Amino acid sequence: MIPHSGSVIAIYPGSFDPFTNGHLDLIERCTHLFDKLVVAILRNENKQPLFTVEERTEMMREVLRDHAHVEVDSFDGLLVDYAARRKAMVIVRGIRAISDYEYELQMALMNRRLRPEIETVFLMASEAYSFISSKLVKEVAALGGSISGLVPPEIEAKLVKRFAR
Ligand code: PNS
């Protein structure tokens, strides 16, 4: 068992490449539910990201600068081991559509098998953001389409710059 210190710490893990308004919406809704939220960027050597972990960390810290109980960190290895090190009892994930469910269920059950004391909590994405994914945002930005309103302005500026011809 993870010792319960009285305050509930939650981890919101992901790739966040890039961070979107869907992620931001979920974080803002989480801050009412938990005492502290650690937004944890996965360090994945097998993926070719658009932004490095350091760039994503910096951008997300800027976007989340006014959220006092939210921390941006990165991790590698097993998520549940990282959660235990951070004394987090909860993993938060967003679900946009039925298509997300199968993958999320597999991960939640595997994580429960690895560390039953850590609970996965799902939040439904707000309707306004349920069609947004990092993958599509990248594709639209790469092809010169508008991503305004899909990502925070700080991230939009970085994306536009990255794809500027
Ligand atoms: O935003 P993403 O890319 O869908 O996030 C996936 C993430 C980071 C939650 C998942 O890949 C993960 O937890 N990776 C860490 C390695 C791990 O613990 N694997 C077993 C999970 S069942």
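The values are calculated or read from the model by the stated rules, or taken from the named source; none is laboratory data. Bear in mind that the values here come from a model prediction, so they are computed numbers and not experimental data. Note that each Cβ is placed from the backbone with ideal geometry, even for glycine, and that neighbours are counted across all protein chains shown. What goes into the accessible areas is simple: the full protein's heavy atoms, side chains included, and nothing from ligands, DNA or RNA. Shrake-Rupley method; radii C 1.70, N 1.55, O 1.52, S 1.80 Å.
Annotations
- In this structure, residue 34 qualifies as assigned to a loop (DSSP other than H, G, I, E, B), in contact (Cβ under 8 Å) with a residue 24 or more places away in the chain and in contact with a strand residue (DSSP E or B) (Cβ under 6 Å, 6 or more places away or on another chain).
- Considering 65, 29, 61, the condition of being in a loop (DSSP other than H, G, I, E, B), open to solvent by 10 Å² or more (accessible area, probe 1.4 Å), away from the ligand (no atom under 14 Å from the Cβ) and of a type in the set (Lys, Arg) is satisfied by 65 alone.
- Checking every residue in segment 93-104 against the condition of being at pLDDT below 95, at negative phi, of a type in the set (Lys, Arg) and open to solvent by 60 Å² or more (accessible area, probe 1.4 Å) gives at least one match.
- Among (1) assigned to a strand (DSSP E or B); (2) open to solvent by 60 Å² or more (accessible area, probe 1.4 Å), the one test that residue 74 misses: (2)
- Subset of segment 78-92 that is free of Cβ contacts under 8 Å to residues at least 40 places away in the same chain and near the ligand (Cβ under 7 Å from one of its atoms) - its residue that is least open to solvent (accessible area, probe 1.4 Å): 80
- Number of positions in segment 1-51 that are hydroxyl-bearing (Ser, Thr, Tyr) and within 14 Å of residue 74 (Cα to Cα): 2
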